[in-house]
Amino acid sequence: MQIKEAITLFEKVVAEHLQLKPEQTRCENEGEYIIQRGESTELYVDIWQPAETTQWQYFDRQN
C-alpha cells in the first residue's frame, strides 16, 4: 500500500467510525494525526513510507 492510499483509508475509517472530519485530526505534516477522545485520551498517528524495507515491515517483505 502506498502512503497516499494509506492516508485516504485512515481518514475514511476515522470519519466513519469516530465521526471526525480529517480537518479535525490532521497535524501540520502530511500523515500525522492527533485524535482526542474525552479529556484524558490522545492518540498520535504517524503514517509514513520508509525508504528501505526493515524487519518491522512484516507484510511488505518479499521473502
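Nothing in this text is a laboratory measurement; each read-out follows from the coordinates by a stated rule. This one's a predicted model, so the numbers in the text were calculated from it and none came from an experiment. Don't worry about glycine lacking a Cβ; one is built from the backbone with ideal geometry, like all the others, and counts go over all protein chains shown.
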#### Entry: Set of the stretch 1-32 residues, backbone N closer than 11 Å to the point 7 Å along the Cα-Cβ line of Gln55
none
### Query
Can you give the relative contact order of the chain as a percent, counting alpha carbon pairs under 8 Å and 6+ residues apart?
23
#### Entry: Pairwise label distance in nanometres, Lys4 with Glu42, each label 7 Å out on the Cα-Cβ vector
3.1
### Query
Relative to the first principal axis of the alpha-carbon coordinates of the chain, what is the inclination of helix 3-18, with its axis defined by its Cα atoms, in degrees from 0 to 90 and to the nearest 10?
30
### Query
How much of the calculated P(r) for the chain lies past 21 Å, in percent of all Cα pairs?
32
### Query
If you add up the charges near Thr25, with Lys and Arg at +1 and Asp and Glu at -1, over every other residue whose beta carbon is less than 15 angstrom from its beta carbon, what do you get?
-4
### Query
Which GluC sites (Glu not before Pro) in the stretch 1-57 pass both tests, a DSSP loop state and at most 11 other beta-carbon atoms within 10 Å?
Glu28, Glu30, Glu39, Glu52
